[in-house]
1. Where residues in the stretch 76-107 are under 32 Å from the mean Cα position of the chain (by Cα) and assigned to a strand (DSSP E or B), which of them is surrounded by the fewest Cβ atoms within 10 Å (Cβ to Cβ)?
2. Looking at the stretch 13-32, can you tell me whether even one residue there is in a strand (DSSP E or B), at pLDDT below 70, over 39 Å from the mean Cα position of the chain (by Cα) and surrounded by 11 or more Cβ atoms within 10 Å (Cβ to Cβ)?
3. Only residues that are exposed (fewer than 10 other Cβ atoms within 10 Å of the Cβ) and hydroxyl-bearing (Ser, Thr, Tyr): list them for the stretch 33-47, please.
4. For a quick check of your reading of the model, give me the residue pairs whose first member lies in the stretch 89-115 and is over 14 Å from Lys73 (Cα atoms) and in contact (Cβ under 8 Å) with a residue 24 or more places away in the chain, whose second is open to solvent by less than 70 Å² (accessible area, probe 1.4 Å) and assigned to a helix (DSSP H, G or I), with beta-carbon atoms closer than 7 Å and at least 6 apart or on different chains.
5. Does the stretch 146-154 contain at least one residue that is out of contact with any Gly (no Cβ under 7 Å at 6 or more places or on another chain), open to solvent by 60 Å² or more (accessible area, probe 1.4 Å), modelled with pLDDT under 90 and farther than 17 Å from Ala68 by Cα?
6. Exactly one condition in (1) more than 17 Å from Glu76 (Cβ to Cβ); (2) exposed (fewer than 12 other Cβ atoms within 10 Å of the Cβ); (3) not basic (Lys, Arg) is not met by Thr131; state its number.
7. Can you name every residue in the stretch 110-125 that is open to solvent by less than 50 Å² (accessible area, probe 1.4 Å) and part of a loop (DSSP other than H, G, I, E, B)?
8. Is one or more of the residues making up the stretch 48-71 within 14 Å of Val136 (Cα to Cα), open to solvent by less than 60 Å² (accessible area, probe 1.4 Å) and touching a strand residue (DSSP E or B) at 6+ places or on another chain (Cβ under 9 Å)?
Amino acid sequence: MRLPIFLHGRSRVAHLTRRVGTTADVAALRNRPGFTLVEVVVASVILTSALLAMAGFTIRYQQTDSTARNFSKAQELSGARLETVRSAVPYASLDTMARTESTIPGYPGYTRVTQVVRSGGGMTDTVDFRTVTIRVSTPGNRQSVVKTSIMAAF
C-alpha cells in the first residue's frame, strides 16, 4: 500500500481531485501565482513583433553598411587616381592618362574611367588648362563617385 504524499497538510490526490464548492475556494484559485493564457499570448505577440522589427533593422543596417563601404572604397580609388594624374610630368602627358579600367587589382567589380578634356592651348588662346574627371562605379550601386580637377600649364 502506498502512503499519500502530503502537500500543505493535504494529500496530493485529495488536493488534485477536490471540487470547488465555496467562494473561498474560487478566490483561492484566482489568487494563485502564475500567468493566464491571455497574458502568455499577448506577451508572445509583443515579443514576436519586437524580434521581427529587430530583424528588419539588422537587414537594413547591413545593406547600408555595405553601400557605405563600397562608396568609401570608390572614393579612395578616385582620389588615388586623381593624385596619379596630378603628379604626371610633363603637363603635355596628361592626355595619355585618359583611360577606362574595368579590372582594378584588389577591387573586384569596380570600374574607373579617367577623362581628360583640354580647353584652350591654341596659338591664339590666352588660356591652356585640362579638366580631369574620374568616375568610379561600385558593384551593386547605381550612383558613381565623381571627382573633377582642373590643371593648368605653368
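1. By that ranking, first place goes to Thr100.
2. no
3. Thr36, the sole residue that qualifies.
4. That search, which allows pairs on different chains as well, returns Leu94/Val85; Met97/Val85; Thr114/Arg81; Thr114/Val85; Thr114/Met97.
5. Yes, because at least one residue in the stretch 146-154 is out of contact with any Gly (no Cβ under 7 Å at 6 or more places or on another chain), open to solvent by 60 Å² or more (accessible area, probe 1.4 Å), modelled with pLDDT under 90 and farther than 17 Å from Ala68 by Cα.
6. Unmet condition: (2).
7. Answer for the stretch 110-125, where residues must be open to solvent by less than 50 Å² (accessible area, probe 1.4 Å) and part of a loop (DSSP other than H, G, I, E, B): Tyr110, Gly121, Gly122.
8. Within the stretch 48-71 (the criterion being within 14 Å of Val136 (Cα to Cα), open to solvent by less than 60 Å² (accessible area, probe 1.4 Å) and touching a strand residue (DSSP E or B) at 6+ places or on another chain (Cβ under 9 Å)), the answer is no, since none of the residues qualifies.
The values are calculated or read from the model by the stated rules, or taken from the named source; none is laboratory data. Owing to the predicted nature of the structure, the values given are computational and were not obtained by experimental measurement. All Cβ positions, glycine included, derive from the backbone under ideal geometry; neighbour counts span all protein chains shown. Calculation scope for accessible area: heavy atoms of the full protein, side chains included, ligands and nucleic acids excluded. Shrake-Rupley method; radii C 1.70, N 1.55, O 1.52, S 1.80 Å.
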